[in-house]
1. With respect to GLY149, determine if the residue is more than 30 Å from ASP179 (Cα to Cα), modelled with pLDDT of 95 or more, small (Gly, Ala, Ser) and surrounded by 15 or more Cβ atoms within 10 Å (Cβ to Cβ).
2. Within the stretch 84-107, can one find any residue that is under 25 Å from ARG49 (Cα atoms) and at pLDDT below 95?
3. Can you tell me which residue within the stretch 33-61, out of those that are on the phi < 0 side of the Ramachandran plot and at pLDDT below 95, is nearest to the chain's Cα centre (by Cα)?
4. Filter the stretch 117-134 for residues that are within 15 Å of ALA79 (Cβ to Cβ), open to solvent by 10 Å² or more (accessible area, probe 1.4 Å) and either free of Cβ contacts under 8 Å to residues at least 12 places away in the same chain or outside any strand (DSSP E or B) (or both) and give the result.
5. Just need a number here: residues in the stretch 1-58 that are of a type in the set (Asp, Glu), more than 30 Å from VAL93 (Cα to Cα) and not in a helix (DSSP H, G or I).
6. Give the number of residues within the stretch 158-179 that are outside any strand (DSSP E or B) and either open to solvent by less than 20 Å² (accessible area, probe 1.4 Å) or more than 13 Å from PHE190 (Cβ to Cβ) (or both).
Amino acid sequence: MNFLEERIGKDGIVREGNVLKVDSFLNHQMDIRLFEQMGEEWKRRFAGRSINKILTIEASGIGIACIAAQYFDVPVVFAKKSKSINIAGDVYVAEVESFTHKNVNQVIVSRDFLGPEDRVLIIDDFLANGCALQGLISIVEQAGGIVEGIGIAVEKGFQNGGKMIRDMGYQLESLAIVDAMDPQTGKIIFRE
């Protein structure tokens, strides 16, 4: 069992509807030391890749991506879920369905921050059905960049997102893959 699986086992809470609450350390209150371990591990797993940007999505991925970026010494760009007056000019746009919030958002990235010269590592906190990742991949493709890899903190292995993304040919590195959860007992089974 790795460091993230241990932490999920200790502090994660299983709820009905395939919900795994990790908000005490991952996506509401954030354990920066844990994020540092995650960044180090992704740096090891993506060694040899020519990464010059990290891309994530608003909001839960931002903290993780920022800490991970220190290990790659690259900037972080995050896809915004709404256009604001602060974003001038053209944008890349993708539609993303949220498993957690049960809605569809248009996410945008300014063309100023992503282009054909970029070799991108996508980072996010959760992978369930893969919609967010497909949206981020689409944005990198629209920019003419290359997705060098994808780093996920927690993958729900019992949902189809991970298989779909791997079948598309991407190097997907999830630090914890949950194969089953029982809300009655709170038991979490991780993939070997």
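1. Spelling it out, it is not the case that GLY149 is more than 30 Å from ASP179 (Cα to Cα), modelled with pLDDT of 95 or more, small (Gly, Ala, Ser) and surrounded by 15 or more Cβ atoms within 10 Å (Cβ to Cβ).
2. yes
3. Taking the candidates together, the pick is GLY61.
4. Within the stretch 117-134, CYS131, ALA132, GLN134 meet the criteria.
5. Count: 2.
6. 13
The values are calculated or read from the model by the stated rules, or taken from the named source; none is laboratory data. Only a predicted model underlies this, so the values are computations on that prediction, with no experimental measurement involved. Note: ideal-geometry Cβ built from the backbone for every residue, glycine included; neighbour counts use all protein chains shown. Accessible surface is based on the protein model in full, side chains and every heavy atom, while ligands, DNA and RNA are left aside. Shrake-Rupley method; radii C 1.70, N 1.55, O 1.52, S 1.80 Å.
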